[in-house]
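The values are calculated or read from the model by the stated rules, or taken from the named source; none is laboratory data. Just so you know, these numbers come straight off a predicted model, no measurement behind them. In this analysis, Cβ positions are derived from the backbone assuming ideal geometry, glycine residues included, and neighbour counts consider all displayed protein chains. The area values use the complete protein model at the heavy-atom level, side chains included, leaving out ligands, DNA and RNA. Shrake-Rupley method; radii C 1.70, N 1.55, O 1.52, S 1.80 Å.
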Amino acid sequence: MIRVVVVDDHPVVRGGLVGWLDAQPDLHVVGEAGDGAEALVQVAELEPDVVLMDLRMPRMDGVTAIVRLAAAHPAVRVLVLTTYDTDADIVRAVEAGATGYLLKDTPLPQLAEAVRAAARGETVLAPPVAARLVSRMRAPAVDAPTARELEVLAGVARGLTNAEIGRQLFIGEATVKTHLLRLFAKLGVDDRTRAVLVAVERGLLPSPGR
């Protein structure tokens, strides 16, 4: 019997997943959670084989939870189930330690089979996700951020506007925007907040408070 914890912040979605999975003869949902913080508590108490994890949730998102689960419970397999298939989301989840990555349009029979595969330690990827990862691997390597680009991003991390960053670095506001756009492309993000988060995760910027 494969023990499963379902993590999703939408009660209706979570309830549907729990009902379907628990109806399978070899799957047993032992717990459910509405965010990553609850998931950590559930896993510590219930010791499941597989965690079905949403990504974007309040309090603690899925990637943060995956990182902590990988550190505290390395034997537990985490299978991401989300509506998001951007390169940044996929790479963050896989790098955090997810065993698989599925989209919420996955047919329920395939989802149940994916849970079984994850329990066996197999990597499970939705076809669109696999295609994105292959394309990313085949793409030419992206240049690392320059020192100037990281100086601009450090200003963003401190909450400065483009104009304030420009004055501090003695460059024009348009140049600041150009540096940020190049950074977005290099980091695989599409906004300032994600750029800072990804840069901190990769060790390009110090963590807040350090």
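Give the residue, chosen from V63, V51, that is of a type in the set (A, V, I, L, M), within 18 Å of L111 (Cβ to Cβ) and buried (at least 20 other Cβ atoms within 10 Å of the Cβ).
On the way: V63 fails: within 18 Å of L111 (Cβ to Cβ).
Of V63, V51, the one residue that is of a type in the set (A, V, I, L, M), within 18 Å of L111 (Cβ to Cβ) and buried (at least 20 other Cβ atoms within 10 Å of the Cβ) is V51.
Across the range 147-163, the qualifying residues are those that are in a helix (DSSP H, G or I), open to solvent by 70 Å² or more (accessible area, probe 1.4 Å) and of a type in the set (D, E, K, R), and the one among them that is farthest from E201 (Cα to Cα) is R148.
Scanning the range 78-101 for residues that are of a type outside the set (F, W, Y), at pLDDT below 85 and part of a loop (DSSP other than H, G, I, E, B) turns up D85, T86. Total residues in the range 182-210 satisfying the condition of being farther than 12 Å from L150 by Cα and either open to solvent by 60 Å² or more (accessible area, probe 1.4 Å) or of a type in the set (F, W, Y) (or both): the figure is 10.
State yes or no: is R56 more than 17 Å from D8 (Cβ to Cβ), touching a residue at least 12 places away in the same chain (Cβ under 8 Å), open to solvent by 50 Å² or more (accessible area, probe 1.4 Å) and not hydrophobic (A, V, I, L, M, F, W, C)? Outline the logic, then answer.
Working: more than 17 Å from D8 (Cβ to Cβ): no; touching a residue at least 12 places away in the same chain (Cβ under 8 Å): yes; open to solvent by 50 Å² or more (accessible area, probe 1.4 Å): yes; not hydrophobic (A, V, I, L, M, F, W, C): yes.
No: the conditions fail for R56.
Just the residues that are among the hydrophobic types (A, V, I, L, M, F, W, C) and out of contact with any Ser or Thr (no Cβ under 7 Å at 6 or more places or on another chain), please, taken from the range 74-105. If the condition is that a residue be among the hydrophobic types (A, V, I, L, M, F, W, C) and out of contact with any Ser or Thr (no Cβ under 7 Å at 6 or more places or on another chain), then A75, V76, V80, L81, A88, I90, V91, A93, V94, A96, A98, L102 are the ones that fit. Scanning the range 164-193 for residues that are at positive phi and either in a helix (DSSP H, G or I) or modelled with pLDDT of 90 or more (or both) yields a single hit, F170. Inclusion of R68 among residues that are in a helix (DSSP H, G or I), surrounded by fewer than 19 Cβ atoms within 10 Å (Cβ to Cβ) and under 15 Å from the mean Cα position of the chain (by Cα) is warranted.
Scanning the range 102-146 for residues that are at pLDDT 90 or above, assigned to a helix (DSSP H, G or I) and loosely packed, with under 15 Cβ neighbours inside 10 Å turns up L108, P109, Q110, E113. Report every pair of residues separated by at least 6 positions or lying on different chains whose Cβ atoms are under 8 Å apart, first residue within the range 78-105 and aromatic (F, W, Y), second open to solvent by 50 Å² or more (accessible area, probe 1.4 Å). Hits for this filter: Y84/R56; Y101/V94; Y101/L125.
Taking the range 8-48 on its own, how many of its residues are part of a strand (DSSP E or B) and either among the hydroxyl-bearing types (S, T, Y) or open to solvent by 60 Å² or more (accessible area, probe 1.4 Å) (or both)? Before you say what the answer is, go through the steps one by one.
Narrowing the range 8-48 to residues part of a strand (DSSP E or B): 27-33.
So of that shortlist, the ones also either among the hydroxyl-bearing types (S, T, Y) or open to solvent by 60 Å² or more (accessible area, probe 1.4 Å) (or both) come out as 28, 32.
So the count comes out to 2.
In this structure, does A75 turn out to be part of a helix (DSSP H, G or I) and either open to solvent by 10 Å² or more (accessible area, probe 1.4 Å) or modelled with pLDDT under 90 (or both)?
Details: part of a helix (DSSP H, G or I): no; either open to solvent by 10 Å² or more (accessible area, probe 1.4 Å) or modelled with pLDDT under 90 (or both): yes.
No, not satisfied.
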